[in-house]
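A quick write-up on the structure given underneath.
The values are calculated or read from the model by the stated rules, or taken from the named source; none is laboratory data. From a predicted model like this one, the values you see are computed outputs, not experimental measurements. FYI the Cβ positions are ideal-geometry reconstructions off the backbone, even for glycines, and counts take in every protein chain you see.
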Amino acid sequence: MKNYRAAVTEDSQKPQPVLRIARPSRDLAATSHFYQVLLGLERLGGFEQHNGYDGCFLGFVGATWHLELTFHKDHQPTPSVEDLLVFYLDQTAMVDVVARASTLGLVAAAHPNPYWEASGAVGFVDPDGYFLILCPED
């Protein structure tokens with residue numbers, strides 16, 4: 001499996017830190033499928049029964065970030081409206097992802113923070129109950 005601790009970007013030979021966003025999941029299969037289908041994230045790796053945890057890494061090969069989803073039968077996540085994943089997308093990607101969401105039968109969910117609506121963002125709630133915010137790049 002790839003070493004996710006550092007990556008070299010195309011424009012620099014200096015190693016860049018890698019950001020791992022780790023989040024618990026109620027339904028690992030449904031939630032990973034949600035992000036793979038909706039956003040096109042790739043499954044970069046995963047593990048089973050590591051000290052009672054199952055998990056997967058989602059992202060894009062060579063990116064300096066990835067999303068880790070974990071499941072443990074004794075730990076259930078308790079998401080709040082402030083637990084957000086925000087993806088900033090160019091206009092073409094925004095149109096594509098929102099259209100894909102519609103095709104999948106997903107309904108946009110307004111976030112209580114008015115900033116997101118004012119920014120032209122579109123929100124969805126993933127299968128675990130966490131907000132996914134798609135925000136157009138400035």
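Taking the numbered list (1) without any contact (Cβ under 8 Å) to a residue 40 or more places away in the chain; (2) over 26 Å from PRO17 (Cβ atoms) in turn, PRO127 passes all entries but (1). Quick check, is ASP138 within 19 Å of ARG20 (Cα to Cα) and of a type in the set (Asp, Glu)? No: the conditions fail for ASP138. Among the residues of the range 61-104, those identified as closer than 30 Å to ASN51 by Cα and of a type in the set (D, E, K, R) are GLU68, LYS73, ASP74, GLU82, ASP83. Just to be sure before I move on: is VAL61 modelled with pLDDT under 95 and over 13 Å from the mean Cα position of the chain (by Cα) in the structure I sent? Here the answer is yes, as VAL61 does meet what is asked.
A count restricted to the range 1-34 and to residues that are surrounded by 12 or more Cβ atoms within 10 Å (Cβ to Cβ), under 19 Å from the mean Cα position of the chain (by Cα) and at pLDDT 70 or above stands at 16.
Among residues that are hydrophobic (A, V, I, L, M, F, W, C), surrounded by 11 or more Cβ atoms within 10 Å (Cβ to Cβ) and free of Cβ contacts under 8 Å to residues at least 40 places away in the same chain, VAL98 is included.
If I filter the range 106-121 for residues that are in contact with a His (Cβ under 9 Å, 6 or more places away or on another chain) and aliphatic (A, V, I, L, M), do I get at least one hit? There is at least one residue in the range 106-121 that is in contact with a His (Cβ under 9 Å, 6 or more places away or on another chain) and aliphatic (A, V, I, L, M). Within the range 111-138, the residues that satisfy the criterion of being acidic (Asp, Glu) and more than 19 Å from the chain's Cα centre (by Cα) are GLU117, ASP138. Please determine whether any residue of the range 62-85 is under 16 Å from VAL125 (Cβ atoms), in contact (Cβ under 8 Å) with a residue 24 or more places away in the chain and out of contact with any strand residue (DSSP E or B) (no Cβ under 9 Å at 6 or more places or on another chain). Looking through the range 62-85, none of the residues is under 16 Å from VAL125 (Cβ atoms), in contact (Cβ under 8 Å) with a residue 24 or more places away in the chain and out of contact with any strand residue (DSSP E or B) (no Cβ under 9 Å at 6 or more places or on another chain).
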